[in-house]
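The values are calculated or read from the model by the stated rules, or taken from the named source; none is laboratory data. These numbers come from a predicted model, not from an experiment. Note that we place each Cβ from the backbone using ideal geometry, even for glycine, and neighbour counts take in every protein chain shown.
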Amino acid sequence: MTRWYTPWLFLLPGLAVVVTFSLVPFVNMIVLAFTDATALGGGHFTGLANFQRMLDDPKFWVALRNSTLYLVGVVPPLVVLPLLIALLVRKKLPGITFFRTAFFTPVIASAVVVGLIWTWLLDSQGLVNNVLRALGWVSRPVPFLTDEWLLLVSAMLVTIWKGLGYYMIIYLAALGNVPADLHEAAQVDGAGPVRRFFAVTVPALRPTMVLVAALSAVNGFRVFSEIYLLSGGSGGPGGADTSLVMLIQQTGTGLTGNVGYASALSMVLFVVTLGLLLVTLRLNRREEAL
Amino acid sequence: MRTTRRVFLIGLAAATLAGCGLSGTNEQGGAVAGEVKGEITFQTWALKPKYTQYVEGVIASFQQEHPGTTVKWIDQPADGYLTKVLADASAGSLPDVINVPPDLSFPLAKAGQLVNLDEAAADAKKDYLDNAWAAYAIPGKAGTYGFPWYLNTGPVFYNKALFQQAGLNPDSPPTTFAELETAALTMAQKTDRKVAMLGQTPAIADFGLYGVEMMNADGTKFTFNSAKGVELVEMYKRMYDAGGLVAEALTQNYTGSGAKFMAQQTALTPGSAYDLGKFKTDAPSLYANIGITKPITNTGKANMFVHGVSVPTSSKNKPTALAFGRFVTNAANQLAFSKVATIFPSSRDGMKDPYFTTEDGSDEARVRVAAAKQLGDSVNYTPVQFSQQMQDSLRQNLADAMLGKKSAKQALDDAVAECDRLLG
């Protein structure tokens, strides 16, 4: 006879890890969001004060705006470009492995290294500006890293560049599952490559595209390292490029960190991320129903 | 069966919740008495492997002087030091003797986590330089919370080649803030903004050097938004508009600014005696053109950095911890340390050593002797209460002022308001 707790015993090791490193911190975050706790402990229950403060905090609105803009800026290119690259590199051409590897290299490079390389490239005296100046295209350096909007766009470009290879692999796997006979049938019916792409490939890949959109949206909304590194940890001039995760880091860390407020901000981040995933789930369900 | 399962799940949930929430703060320390023996742990900030031999030597002589004691040395890398201290402090398990600079000691002392040395080691004060001992005092709270260990200060470094390129006399660097502004404007104009004088907007210590009062007498409010503070920011704004500051000055801190100077993209930077060695090895072409001059200050007193060791109230062996803290920072040990590292002793007798008073003709000795002389009346201008969040706020508001989004006065008012709020 199987005892009722036998399944729990099997679950125990995995459950212990999840409870210790995910569930406890998560519940802790919810508790702390309603307190004025500091990094060194202490703190009292303050009700909704942290959320009220958030509404009046211009930094929060700037961070929310930036994270949202980031999501809007990186998702469409990250859904479309890797698909096009996947279509190119799946062709059996001599030397194609080199290109596949080249596109994937940024994915395995450390975010810090990538950030530093791009900082050197885009600096006011960096390679890009020096080339532009040498060509006589600009007389003053382009403020890639010191203009509020250009910095955000530069960071988005780094995210897109770094993410291309990862999503390309997902698309490559999915492309392998598109039935070849559908393509052949379309070809027999006289469909050209463009027509076949929209009539066969895209419909077959739609669930994968939704998945890529979901993953890149969640990652885009939680952006930290790109902006942090390109702005030298400052969040841009006047902190105008701070993302929500950066704000949480700036608020909650250090010996004087305001853990209560940072937890409240984290709750907002969680709710938005969850919302994004629920939207994706719904889209996927609709796909299946169709 | 159903009830058992429910009890099990409720128990799990309760256990989860029990691990969450609010932890308390420690009790404040008082007078300490007891025998010096038993084991203690000593945590340092990134001293391995360069100074392993020195630290192990100090530990060995302490153990020899106090038989029955064992000092366990833990060295933490600089990266993540704060996180480690924070985690230990939250858990109430800080090592018995811990290396913390004054700005880290402040939140710990405020939370009652550090032993008050004025009570626990009342006779120690006389062994240290007054300004170094004062660095571990907490404004608005009685007591001193760290034995000063080592000090650093330094000259201003400038790039003679870039001065020459801009038509400035490389043998006559700016010595006042007014001269700095004139030189920066000339340099930007003559080089068509290709070379900037400075790499960052003023840090809080620069306000001190300019003669701005940082805080009120009881340390409860910041006051750097005074007319003098506004004057300094307006001066930087003029330099920024003319191209006297690199564009990245709006976003980068001291480290970024130092890198720009090393890359010969800026012409002048404040530094420490340690930096000279770094230039020699990492930027030899800069080193060949390096100019060394006195710090630019309106107060006549240079800026000083302090490191010290504190004893947490959570220590189970305070008598030994206090004895070791004093031992590590005594005159002889500090002097020996200064000779292997580019630092300066905070003990009264240490500074009298010929090592700090006589030159041998080398650049290193020249910087060392000049820095040692200037340390006697240097000031740690950065208030101990000035946290990372406050630094961020100041930097962000200054960037807004440089960009013209806010007036200098408004930017400083906003920074002060935010810092006061963070001070609580």
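Taking region B:391-408 as the range and being within 29 Å of B:Pro107 (Cα to Cα) and either in contact with a Ser or Thr (Cβ under 8 Å, 6 or more places away or on another chain) or more than 12 Å from every other protein chain (Cβ to nearest Cβ) (or both) as the test, the residues that pass are B:Asp392, B:Arg395, B:Gln396, B:Leu398, B:Ala399. Listed by position, the helices (runs of 4 or more DSSP H) contained in region A:111-192 that have at least 3 residues being away from chain B (no Cβ under 13 Å) and within 30 Å of A:Thr68 (Cα to Cα) are A:111-122, A:148-175.
Using the structure shown, decide if B:Pro148 is crowded, with 22+ Cβ neighbours inside 10 Å and assigned by TED's automatic domain parsing to the domain that holds B:Leu250. So B:Pro148 fails the test. Right, A:Gly232: within 11 Å of chain B (Cβ to nearest Cβ) and in contact with a Phe, Trp or Tyr (Cβ under 8 Å, 6 or more places away or on another chain) or not? Taking the combined requirement at face value, the residue does not satisfy it.
The set of residues in region A:1-34 that are under 23 Å from B:Ser90 (Cα atoms) and outside any helix (DSSP H, G or I) comprises A:Ala33, A:Phe34.
With respect to B:Tyr145, determine if the residue is hydroxyl-bearing (Ser, Thr, Tyr) and more than 14 Å from chain A (Cβ to nearest Cβ). No; evaluated as a whole, the condition is false for this residue. Within region B:264-293, if we keep just the residues that are modelled with pLDDT under 90 and of a type in the set (A, V, I, L, M), the residue that is surrounded by the fewest Cβ atoms within 10 Å (Cβ to Cβ) turns out to be B:Ile292. Against the definition (at pLDDT below 90, surrounded by fewer than 21 Cβ atoms within 10 Å (Cβ to Cβ) and β-branched (Val, Ile, Thr)), how does B:Val367 come out, yes or no? Spelling it out, it is not the case that B:Val367 is at pLDDT below 90, surrounded by fewer than 21 Cβ atoms within 10 Å (Cβ to Cβ) and β-branched (Val, Ile, Thr).
A single member of B:Lys194, B:Lys228, B:Lys260 is basic (Lys, Arg), within 14 Å of chain A (Cβ to nearest Cβ) and without any contact (Cβ under 8 Å) to a residue 24 or more places away in the chain, and it is B:Lys194.
Matching residues to (1) exposed (fewer than 13 other Cβ atoms within 10 Å of the Cβ); (2) at pLDDT below 90; (3) away from chain B (no Cβ under 14 Å); (4) closer than 26 Å to A:Glu148 by Cβ:
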| residue | (1), (2), (3), (4) |
| --- | --- |
| A:Phe10 | yes, no, yes, no |
| A:Ser22 | yes, no, no, no |
| A:Ala33 | no, no, no, no |
| A:Phe51 | no, no, yes, no |
| A:Ser67 | no, no, yes, yes |
| A:Leu83 | no, no, yes, no |
| A:Lys91 | yes, yes, yes, no |
| A:Pro94 | yes, yes, yes, no |
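Does B:Gln200 meet the test of being part of a loop (DSSP other than H, G, I, E, B), of a type in the set (S, T, N, Q) and at positive phi? The answer is no for B:Gln200. Only one entry in B:Ser387, B:Ser378 is of a type in the set (S, T, N, Q), out of contact with any strand residue (DSSP E or B) (no Cβ under 8 Å at 6 or more places or on another chain), at pLDDT 85 or above and buried (at least 21 other Cβ atoms within 10 Å of the Cβ), namely B:Ser387. The residue of region B:207-224 that is nearest to the chain's Cα centre (by Cα), among those that are in a loop (DSSP other than H, G, I, E, B), under 24 Å from B:Lys110 (Cβ atoms) and in contact (Cβ under 8 Å) with a residue 40 or more places away in the chain, is B:Met214. Can you name the residue in region B:262-290 that is in a loop (DSSP other than H, G, I, E, B) and more than 23 Å from the chain's Cα centre (by Cα) and, of all such residues, is nearest to B:Pro174 (Cα to Cα)? Per the stated criteria, the residue is B:Ala267. Within region B:369-389, being at the interface with chain A (Cβ under 10 Å from one of its Cβ atoms) and without any contact (Cβ under 8 Å) to a residue 40 or more places away in the chain holds for B:Gln388, B:Gln389.
Of the residues making up region B:241-257, just one is closer than 16 Å to B:Thr186 by Cβ, within 11 Å of another protein chain (Cβ to nearest Cβ) and crowded, with 24+ Cβ neighbours inside 10 Å, namely B:Leu245.
Okay, residues lined up against (1) surrounded by 18 or more Cβ atoms within 10 Å (Cβ to Cβ); (2) in the same structural domain as B:Ile138 (by TED's automatic domain parsing); (3) in a strand (DSSP E or B); (4) not aromatic (Phe, Trp, Tyr):
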| position | (1), (2), (3), (4) |
| --- | --- |
| B:Ala33 | no, no, no, yes |
| B:Gln43 | yes, yes, yes, yes |
| B:Tyr54 | no, yes, no, no |
| B:Val58 | yes, yes, no, yes |
| B:Gln63 | no, yes, no, yes |
| B:Thr70 | no, yes, yes, yes |
| B:Asp75 | no, yes, yes, yes |
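A single entry from B:Gly291, B:Gly325 fulfils the requirement of being in contact (Cβ under 8 Å) with a residue 60 or more places away in the chain and closer than 30 Å to B:Glu35 by Cα: B:Gly325.
Within region A:35-49, the set of residues being facing chain B (nearest Cβ under 10 Å), of a type in the set (Gly, Ala, Ser) and in a loop (DSSP other than H, G, I, E, B) comprises A:Ala37, A:Ala39, A:Gly42, A:Gly43. One residue stands out in region B:85-100 among those that are surrounded by fewer than 21 Cβ atoms within 10 Å (Cβ to Cβ) and in contact (Cβ under 8 Å) with a residue 24 or more places away in the chain: the one that is farthest from the other protein chains (Cβ to nearest Cβ), namely B:Ser93.
Within region B:110-121, if we keep just the residues that are within 14 Å of another protein chain (Cβ to nearest Cβ) and modelled with pLDDT of 90 or more, the residue that is surrounded by the most Cβ atoms within 10 Å (Cβ to Cβ) turns out to be B:Leu114. Would a scan of region A:199-209 turn up a residue that is more than 14 Å from chain B (Cβ to nearest Cβ), more than 23 Å from A:Arg90 (Cα to Cα) and among the basic types (Lys, Arg)? No: region A:199-209 contains no residue that is more than 14 Å from chain B (Cβ to nearest Cβ), more than 23 Å from A:Arg90 (Cα to Cα) and among the basic types (Lys, Arg). Residue selection: B:Pro173 satisfies the criterion of being in contact with a Ser or Thr (Cβ under 6 Å, 6 or more places away or on another chain), part of a loop (DSSP other than H, G, I, E, B) and over 25 Å from B:Arg395 (Cβ atoms). Condition check: among the polar types (S, T, N, Q) and under 21 Å from the mean Cα position of the chain (by Cα). Does B:Ser310 satisfy that? Yes, satisfied. Number of residues in region B:347-358 that are touching a helix residue (DSSP H, G or I) at 6+ places or on another chain (Cβ under 8 Å) and modelled with pLDDT of 85 or more equals 5.
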